[in-house]
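We did not get these values from a lab; they are worked out from the coordinates using the rules stated. Quick caveat, the model's predicted, so the values are computed rather than measured. We place every Cβ from the backbone using ideal geometry, glycine too, and count neighbours over all the protein chains shown.
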């Protein structure tokens, strides 16, 4: 694996029960992992932070691919940003991005990003939302100026002075994007979509 890959994908993982969790997450984390490893653009690392979750460690160890690395940390409180902050600290890539265990990247996402990225410190994008009726993805519009209209799926950044809130709530995504804004005004929108949202509590669980 390249010592300094283009992309570092950070994936926190706790596969135990909590209110609002997706179903069948042991299957879905495999789907998420494979959606990264099967990208058409391969200059990447996938950093899985097992949030006190031995099952995550077992699943990650089953992949024979040196681009994926797992790290076990003590269990954190729900919505804590510590797992993602550990992922940032462990990352070696030029760009850091995120993927939840119950979501996916479409196959060409990193290739499309690689072709579009410029010299800013961070970017935001729209996302894709799975449509159960059509079996396809629809574009879901992000707005980083409005609470609850942007999240983990909408950002990619360099290593800058922004961290996830250690004592986070469900709005931890909004807090982190606010931290990115404070850290750097050098940001822009990218017309690239490829993060596929497969789970929204009480609305979508595919």
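Any chance you could check the Cα centroid distance between region 132-151 and region 1-59 for me, in angstrom?
The distance from the Cα centre of region 132-151 to that of region 1-59 comes to 21 Å.
Simple spin-label model, 7 Å along Cα-to-Cβ: residue 30 to residue 182 in nm?
4.2 nm
Which of 182, 31 has the fewest other C-beta atoms within 10 Å, and how do the rest follow up to the most? Let's see the in-between values first.
Details: 182 10, 31 15.
Final ranking by Cβ density, sparse to dense: 182, 31.
Which residue fluctuates the most in the chain, going by a Gaussian network model with Cα springs under 10 Å, if the choices are 78, 128, 190?
Evaluated over the chain, the most mobile residue of the options is 78.
Write down the percent of antiparallel bridges among all DSSP beta bridges whose residues are both part of region 7-201, to the nearest 5.
Once the DSSP bridges in region 7-201 are tallied, antiparallel ones form about 35 percent.
If you average the C-alpha positions of region 160-203 and of region 69-102 separately, how far apart do those two centres end up, in angstrom?
If we compute the Cα centre of each part, the gap is 13 Å.
Ranking request for peptides 13-20, 172-179: highest mean number of other beta-carbon atoms within 10 Å first, then the rest in descending order.
The packing order, highest mean first, is 172-179, 13-20.
Measure off 7 Å from each Cα along the Cα-to-Cβ vector at residue 189 and residue 2, then give the distance between these two points in nanometres to one decimal.
About 2.9 nm, to one decimal.
Going 7 Å from the Cα of residue 145 in the Cα-to-Cβ direction, what parts of region 175-203 have a backbone nitrogen less than 11 Å from that spot?
Correct set: none at all.
For 96, 160, what ranking results if the residue with the fewest other Cβ atoms within 10 Å of its Cβ goes first? Let's see the in-between values first.
Numbers: 96 22, 160 16.
Placing the least packed residue first, the sequence is 160, 96.
Starting from the Cα gyration tensor of region 7-201, take the square roots of the eigenvalues, sort them a ≥ b ≥ c, and report rounded, prolate or oblate (rounded when a/c is under 1.5, otherwise prolate if a/b is larger than b/c, else oblate).
Working: a/c = 1.24, a/b = 1.16, b/c = 1.06.
Cα axes put region 7-201 in the rounded bin.
Counting pairs of alpha carbon atoms under 8 Å apart in space and at least six apart in sequence, what relative contact order in percent does region 53-203 give?
Working: 218 pairs, mean separation 50.1, N = 151.
Relative contact order comes out at 33 percent.
Does region 69-181 classify as rounded, prolate or oblate by the C-alpha gyration tensor (a ≥ b ≥ c root eigenvalues; a/c under 1.5 gives rounded; else a/b over b/c gives prolate, otherwise oblate)?
rounded
Can you give me the distance in nm between label points at residue 111 and residue 61, each placed 7 Å from the Cα along the Cα-to-Cβ direction?
Going by the 7 Å Cα→Cβ label model, 3.5 nm.
Sorting 170, 123 on the 10 Å Cβ count, fewest up front, what's the list?
Least to most surrounded, the residues fall as 170, 123.
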